[in-house]
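A short worksheet on the structure shown next.
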Amino acid sequence: MGSSSDAIESNEGQPRAWKAQDVSRDTSWAMRLTPKQAEGFTSALKHAKQIGKPLLEMTRADYPLPDTSRHALEQAVETTQGRWGMCLVKGFPTDDWSEADMRLAYWGMSLYMGVTRPQNRASEVINDVRDAGGSYKVKGGRGYNTNAELDFHQDSADVVSLLCRRTAKSGGTSKVLSSIALRDRVQELRPDLIPVLQANNWFHSFQGHQDLAQPEFYRCPIFGNDPEHFCARANRKNTLAAQTDFARVPRLTAQQTEALDLLDSIMPSEEFCYSMELERGDMQLLNSFVTLHSRTSFEDFENPDQKRHLMRLWLSIPISMPLPAEWAEYWGDVRAGSVRGGYRGTAITSEFLEYEKRQSEVMKMAFTPWKPLICKEDMAAILQAP
């Protein structure tokens, strides 16, 4: 495993299909911080603590990273857009940080990586991934606040980033697969299902995390149809929730159910699914359009400060790919390098609106102030159309 200054030749170019044995043999998707790079994050944290600004008011000047540390973050983001669609960065000094320190440092890092997106009904920009007694497969359930095994899915941003503070007593293994390889296997086994998966008649539940002007569900194909920039959006739990929770949503066809069953038979297989243990100080970054991920269930320690704890960011990044036009209903902006994604929630503040505009300018990203492309009345008309 090389340092962050090593060339990552196999990550150049666009993402490509891979299987578990490929990422086991070639670990160029992983990098380790040098001591000098790690120290840069600690020194920036010390400065940020002295300044004491609220997160949404911070700028890079409030978390001043030296060039070597900034380059490590930029390289990690770039790696997610290359060969593997993911990156693992090891060696963040999280053992030296309190929980509050890590939250501040992680937010500071985000100022160099992209524009952070809100993640839930409360419009939070950093989520704590730990067992808070939540339930997963219930109406409105999310996996990040439970200890449950998760279905394969992708998060609602260009890149999802997890920074590990504490590991579980046992379990909690991260699982990742290439959605490009998944598509290729479907093409081999059931080519007749590819058009089914690409059709824009799949409905998915927002699980209650939408803006109040939006309907409770949205349409998005499972597979994109762009021959140059492949993308996938699969989360069977949310697809089935739209079926069970909303009678007006069209029922899944027999072919759609077949397609979901086929995906479920491929994704967990050892051939396609790569398992990795996230250790303290690890940051995992995943390209949401070309990877799917899950997690095994876990058993926690009794001591509260020993319990499994990761922090999560959803990031729009300046080097993201374009998306198919049909994806605009959910993502908002399908242009490459645009600010998009996230769950808008119901608690967006003026401070957040000022932050995302300011940060998009810093990152030189295309930015259009958010508004829903499909409102409740629009969805009602769509469902009434012949």
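The values are calculated or read from the model by the stated rules, or taken from the named source; none is laboratory data. As the structure is a prediction and not an experimental result, all values here were calculated from the model. All Cβ positions, even for glycine, are placed from backbone atoms using ideal geometry, and neighbour counts span all protein chains on display. Note: accessible area is taken over every heavy atom of the protein model, side chains too, but ligands, DNA and RNA are not part of it. Shrake-Rupley method; radii C 1.70, N 1.55, O 1.52, S 1.80 Å.
For the pair R190 and K36 in one chain, pulling the backbone fully straight at 0.36 nm per residue adds 50.3 nm over the alpha carbon distance.
The H on the amide N of M321, modeled in the peptide plane, is under 5 Å from the matching H of G337, each at least 5 residues off or on a different chain.
FRET efficiency for the E258 to K46 pair, using the beta carbon distance and R₀ = 41 Å, is estimated at 0.15. The listed peptides 44-57, 341-354, 206-219, ordered by packing as a protection proxy, come out as 206-219, 341-354, 44-57 (highest mean of other Cβ atoms within 10 Å first). Label point 7 Å out from S24 along Cα-to-Cβ: which residues of segment 251-276 have amide N under 16 Å? Within reach of a label on S24: 268-276.
Per-residue ellipticity at 222 nm computed for the chain from its helices equals -9000 deg cm²/dmol, with DSSP H segments shorter than 4 residues left out and the rest contributing -39,500 (n - 2.57).
Each Lys and Arg contributes +1 and each Asp and Glu -1, all at the Cβ; summed about the Cα centre of the chain, the dipole is approximately 500 debye.
Placing dummy labels 7 Å off each Cα toward the beta-carbon, the span from T244 to K53 is 4.5 nm.
Can you send over the solvent-accessible area of S123, 1.4 Å probe, protein chains only, in Å² to the nearest 10? For S123, the solvent-accessible surface is approximately 20 Å². Here's the picture: charge each Lys and Arg Cβ at +1 and each Asp and Glu Cβ at -1 in segment 22-384, and of L353, T116, I317 the one pushed furthest to the positive end of that dipole is L353. Once all protein chains are placed together, D151 keeps about 40 Å² accessible to a 1.4 angstrom probe.
Between the beta carbons of A336 and A122, assuming R0 = 35 Å, the FRET efficiency works out to 0.70 to the nearest 0.05.
Taking a straight line from the alpha carbon of K376, these lysines sit under 29 Å away, with near neighbours fewer than eight places off in the same chain left out: K137, K139, K237, K357.
Ordered by 1.4 Å accessible area with all protein chains kept, D158, D96, D192 run largest first as D96, D192, D158. Using a probe radius of 1.4 angstrom, the carbon and sulfur fraction of the accessible surface of segment 2-114 is 49%. Of the residues N235, F92, F367, the one whose Cα sits farthest towards the positive end of the charge dipole of the chain is F367 (charges of +1 on Lys and Arg Cβ, -1 on Asp and Glu Cβ, taken about the Cα centre). What's log10 of I(q)/I(0) for the chain at q = 0.09, 0.10, 0.11, 0.14 Å⁻¹, Debye sum over Cα points only, no solvent? Normalising to I(0) and taking log10 leaves -0.50, -0.62, -0.76, -1.30. Accessible area per residue was computed with a 1.4 Å probe on protein heavy atoms; L383 scores about 50 Å².
Among E99, E258, E329, the order of accessible area from largest down is E258, E99, E329, computed with a 1.4 Å probe on protein heavy atoms. The listed residues T244, T94, once ranked by accessible area (1.4 Å probe) with the largest placed first, stand as T244, T94.
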